[in-house]
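Read-outs: derived from the displayed coordinates by stated rules, not from any lab. These numbers come from a predicted model, not from an experiment. Methodologically, a virtual Cβ is constructed for each residue, glycine included, from the backbone with ideal geometry; neighbour enumeration extends over all protein chains shown.
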Amino acid sequence: MSCHIGARAGSGPVSPRQLQVLQVIARSIEVRGFPPSIREFTIELGLSLNSRQSIDEHLERLAAKGMLVRHAHVARGITLTTAARELLACERAREQSK
């Protein structure tokens, strides 16, 4: 299966690191029913605990690419879009076929 790692609604393709961010979000929602906290992002991605700005930048870029929606003033206020869910399903299928 060939996956196109690209945004359907935004500017440019999703980078490998952005794909990791989407995978962390999806895994958290699947396992616990809600997105990860900033601290949980840093742990999952192997970043410094002072990397809040880096996480925010990835989330903002993914929102601009139509991969997620951020809800202001809501703790863990992240919703994956249909485009993100399709991309993640395609990536999962690609990984399983290896």
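Could you tally the net charge around SER15, taking each other residue with its Cβ under 15 Å from the Cβ of SER15, Lys/Arg +1 and Asp/Glu -1?
My count for the surroundings of SER15 gives 0.
Here the contact order of the stretch 56-98, divided by its residue count and restricted to Cα pairs under 8 Å and six or more residues apart, works out to 26 percent. The angle separating the long axis of helix 52-64 from the principal Cα axis of greatest extent in the chain is about 40 degrees. Between the Cα long axis of helix 82-96 and the first principal axis of the chain there is an angle of about 60°, rounded to the nearest 10. Computed over neighbours whose Cβ is under 12 Å from that of SER54, the net charge equals 0, Lys and Arg +1, Asp and Glu -1. To the nearest ten degrees, helix 16-32 and the longest principal axis of the Cα atoms of the chain are 70 degrees apart.
Shown here are the Rg and Dmax of the Cα trace of the stretch 16-96, at 12.0, 38 Å.
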